[in-house]
1. Quick one: would you say Val473 is in contact with a His (Cβ under 9 Å, 6 or more places away or on another chain) and crowded, with 16+ Cβ neighbours inside 10 Å?
2. Can you find a residue in the stretch 217-237 that is open to solvent by 10 Å² or more (accessible area, probe 1.4 Å), outside any loop (DSSP other than H, G, I, E, B) and over 16 Å from Ser36 (Cβ atoms)?
3. Scan the stretch 393-412 and report the pairs whose first residue is within 20 Å of Ala475 (Cα to Cα) and whose second residue is among the basic types (Lys, Arg), with Cβ atoms within less than 8 Å and a gap of 6+ or a chain change.
4. For the subset of the stretch 102-123 comprising residues that are part of a loop (DSSP other than H, G, I, E, B) and open to solvent by less than 20 Å² (accessible area, probe 1.4 Å), which member is nearest to Leu276 (Cα to Cα)?
5. Considering only residues that are open to solvent by less than 20 Å² (accessible area, probe 1.4 Å) and of a type in the set (D, E, K, R), look in the stretch 396-449 and name the one that is modelled with the highest pLDDT.
6. Would a scan of the stretch 14-24 turn up a residue that is open to solvent by 60 Å² or more (accessible area, probe 1.4 Å), modelled with pLDDT under 95, in contact with a helix residue (DSSP H, G or I) (Cβ under 7 Å, 6 or more places away or on another chain) and among the hydrophobic types (A, V, I, L, M, F, W, C)?
7. Take the residues in the stretch 260-298 that are over 27 Å from Arg31 (Cβ atoms) and among the charged types (D, E, K, R), then tell me which one is least open to solvent (accessible area, probe 1.4 Å).
8. On the given criteria, is Val252 open to solvent by 50 Å² or more (accessible area, probe 1.4 Å), farther than 27 Å from Arg307 by Cβ and either β-branched (Val, Ile, Thr) or without any contact (Cβ under 8 Å) to a residue 24 or more places away in the chain (or both)?
Amino acid sequence: MRPGSFRAVLALLFAASAVAFASAQEPAVARFLWTSYWSVPPDVWTGQSSFMPPEQEQLTNRSDLGVAFSGGGTRSAAATVGALRGLLSNGWLRRVRYIAAVSGGSWASVPFTYAPADPATLLGPMMAPEQLEKALVEALPPKQSLARSIVDSKLLAPGAAEAAKLWAQSELLKRDITPQVQSFLNRFVRGAADETYANILGKIFIEPYVPDGTERRYTWNTPSINTIKELNPSLSVSDFVQATVDRPFLIVTGTMIYMHPAYDYPRLIPVEYTPLYTGVRQQFGTRLGGIYVSPYAYDVAGADQPRDGRLRVRVRPADRPFTLADVIASSGAAPLLALLRAQPLQAVRQATAIFPSFNHFTVRGPDDRPEAEPIVEDLLHGDGGFSDNLGIMPLLARHVHNILVFVNAKEPLEQNESVESMFWKLDKQDDTGGDRSMNAVFERDNYWKLKSGLADAVDKGGAAVYCDRDWKVLANELYNIAPYEGLNICWVYNQLIPSWVRRLPQQTQELVASKGFKRFPWFSTFGQNIPYVIRLKPAQVNLLAHLAAWTVTNPTSRQEIEKTFGDALHERN
């Protein structure tokens, strides 16, 4: 990677920060709203307490089936589009109860959940490898498809953890920011500095699909909006965007970053963003976590009067409320940790001002007495991959018994620490990958079964799909996961499948072997197409999505997945 490319990226970061600070407005008079909240016992993971997530009563029409999409920037976003396309083609998507997503996986999953367009339009057509002529795969995806926003994304590298170290070492600090860069960023930036990153991503991944999705609050469905209106008669349906009724329940993961002088390494706390609630499952001391609140009550200026599952919040004076753009900005903010820990370069650390910083509050006290004043903390919120880069933990926390995991990786399995950390503790805390020391949740022997199973599937001419039944889930304190048995799980790994390539038309095979497809489908999260930072070319997006769709629709994979999940994939009589 040429040094100039990194200087250009960091220039945008600093310019955005400067413009955002300059454009911050005087706060308006704050007002109050009432919200629902749910306290999660801290000892759920021991089995001594239990907690039923508030959405479960409304999800009885869907199977006990969850799908997880890993992080990985635009590479993962493209693969997620293809995987969703394959699930739709198989007729399985309507049975899925939960979609869990991290980082780049959320860039596709969030608009898919909220876009009013039909799934086939958003995801694109299912096509056999033989149909993928070179001219077809090189064409721009339709504007209404999710693949189009991935092609159009050129600016920053939210999933580029590997680039953050290089940013911190950049010499750009000695250079001036040009008026042209400031003018360009003025089109994206508004409001407070910590909204800058969300504004940029929202324009790319939310605005083309969700009308007013970057301006209005969001919620789940008609019952949830009715509850909000009962609590707050001044609010109306038009104040919120709602999830599309035929979509699974969405869980996006971010990470709250708690810095303390006593810590050599920051405390990284998993945060869940859903259409119905947002918060942290586990308690951390007396000040953090252990509570979910309605999304419109996250990032508020203050909270008080907790009573009977309701409390009052003081709305934070800002240009806009907490939106879907904030969700994808938090979940996909991988450079943040390295910039934050760039100790020698204070000015680089100041670049973190453009990343999401939300007011998190909690409630402590016996029976949530009114005198138990909620405590508010303003904390940076970063990439979900700083903790669980697979997105699987929220599904395990809900004791989902059938899980399909899409690992949209950029390396072979034996180099993938995100997967490995699920099976044993890794003594790994770094500035790019986050903390891999507290993720163990599966028995060690299952890792070797997974590794050999994926290799065998590819050797036999199939896709990298491995399924197994009756796994034991171990207790995990960080994510407050209670142990359970009987997990049926299928792993789908992003890698080149020779049998798929051989079926492509000759010119398309030559395209896959060309320089622009080096290491396909393991495209770099950062700098795949210099001078652009996160952009993938149309052919790269299209072929990656088609490969991901074929991975779950080819007869061998489909039979294996159906055998593993059984009735969970089919309509009930």
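The values are calculated or read from the model by the stated rules, or taken from the named source; none is laboratory data. Fair warning: this is a prediction, and the values are worked out from it, not measured in the lab. Cβ atoms come from the backbone with ideal geometry, glycine included; neighbour counts cover every protein chain shown. These accessible areas exclude ligands, DNA and RNA; they are computed on the full protein's heavy atoms, side chains included. Shrake-Rupley method; radii C 1.70, N 1.55, O 1.52, S 1.80 Å.
1. Against the criterion (in contact with a His (Cβ under 9 Å, 6 or more places away or on another chain) and crowded, with 16+ Cβ neighbours inside 10 Å), Val473 qualifies.
2. yes
3. From residues that are within 20 Å of Ala475 (Cα to Cα), the pairs are Ala397/Arg281; Val400/Arg97.
4. Residue satisfying both the conditions and the ranking: Ala115.
5. Top of the filtered list is Arg398.
6. Within the stretch 14-24 (the criterion being open to solvent by 60 Å² or more (accessible area, probe 1.4 Å), modelled with pLDDT under 95, in contact with a helix residue (DSSP H, G or I) (Cβ under 7 Å, 6 or more places away or on another chain) and among the hydrophobic types (A, V, I, L, M, F, W, C)), the answer is yes, since at least one residue qualifies.
7. Within the stretch 260-298, the match that is least open to solvent (accessible area, probe 1.4 Å) is Arg281.
8. no
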